[in-house]
Structures are given as structure tokens and as C-alpha cells.
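The next block holds one structure in the form of C-alpha cells; read it before the comments.
The values are calculated or read from the model by the stated rules, or taken from the named source; none is laboratory data. Bear in mind the structure is a predicted one, so any value in this text is a computation, not a measurement. As a convention, Cβ positions derive from the backbone with ideal geometry for all residues, glycine included, and neighbour counts pool all protein chains shown. Keep in mind that these areas ignore ligands, DNA and RNA; they rest on the heavy atoms of the full protein, side chains included. Shrake-Rupley method; radii C 1.70, N 1.55, O 1.52, S 1.80 Å.
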Amino acid sequence: MFWTIEDTIEVVKIGVGLILSTQFAYGCTIALLEKTMLGFYEYSIYDPPTTTIQKMINVFQKGLLGSGHYIYTKIGKYNWFVRKILFLIALAIQGILSITLYYIISGLLEGIFL
């Protein structure tokens with residue numbers, strides 16, 4: 001058993017799918033538990049980061065969980081009902097874009113390397 005290019009492509013596809021699905025899932029939890037999840041995110045980010053480790057943690061957190069927080073803070077000026085509707089629309093668009101992006105990346109990887 002040797003590690004092949006197909007195995008590498010599969011691992012990359014799983015990693016991309018993991019990141020995109022985590023972004024979407026965290027956005028869904030923000031829609032349900034807004035202040036709790038926003039507080040968790042703000043608690044886990046170093047502002048401002050002073051060490052390299054803190055900067056790496058910020059990049060990891062923003063890369064894995066950042067889109068839901070970013071969208072929700074941008075629409076935070078609206079009242080509760082409008083904010084929920086806009087956020088659910090944004091989540092639906094994010095879900096569709098995530099699926100599309102996954103298939104584009106998957107097709108490119110298979111087209112280039114296989």
C-alpha cells in the first residue's frame with residue numbers, strides 16, 4: 001500500500017468540504033443561539049494578537065468560523081426580525097455557494113491530476 005495522487009486529492013477534497021461545512025454549521029448555530037455563539041467567537045479571538053501563536057489561533061478561528069460572525073455583525077444594525085431574515089437568506093446563499101465551490105475545486109483537482 002502506497003500513498004497515491006488519488007489519496008492526496010481525496011484528502012484535499014475532504015479538507016475543503018470540512019472547512020466549508022464547518023463555516024455553514026457555525027452560521028446555523030449563530031442563527032439559533034446568536035449572542036452565545038457570538039460571545040464564544042469574540043472570546044476565542046485575540047484582539048490585538050501580540051505573539052505568533054495568537055496570530056495563528058486567530059487565522060485558524062477566522063478560517064473555520066469567521067464567515068457567520070462577519071455576516072451577522074454586518075447586519076447587526078437592523079432589528080431582530082429583519083436581522084434573522086437577512087441572516088437566513090445569507091446562510092442559504094452561503095450553503096449554495098459552498099456546494100458550488102466544493103464541486104468546482106473537486107472538478108479542477110480531478111481534471112488536473114487525474
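Each label was represented as a point 7 Å from its Cα along the Cα-to-Cβ direction; for K35 and T50 these points are 3.1 nm apart. Residues Y46, Y26 ordered from highest to lowest accessible area at a 1.4 Å probe: Y46, Y26.
Where does helix 5-44 land angle-wise versus the long Cα axis of the chain, in degrees 0 to 90, nearest 10? For 5-44 against the chain, the angle is about 10 degrees.
Across the accessible surface of the range 37-95, with the other protein chains kept in place and a 1.4 Å probe, carbon and sulfur atoms take up 71 percent. In the full protein context, the chain carries 69 Å² of accessible surface per residue, based on a 1.4 Å probe and ignoring ligands, DNA and RNA.
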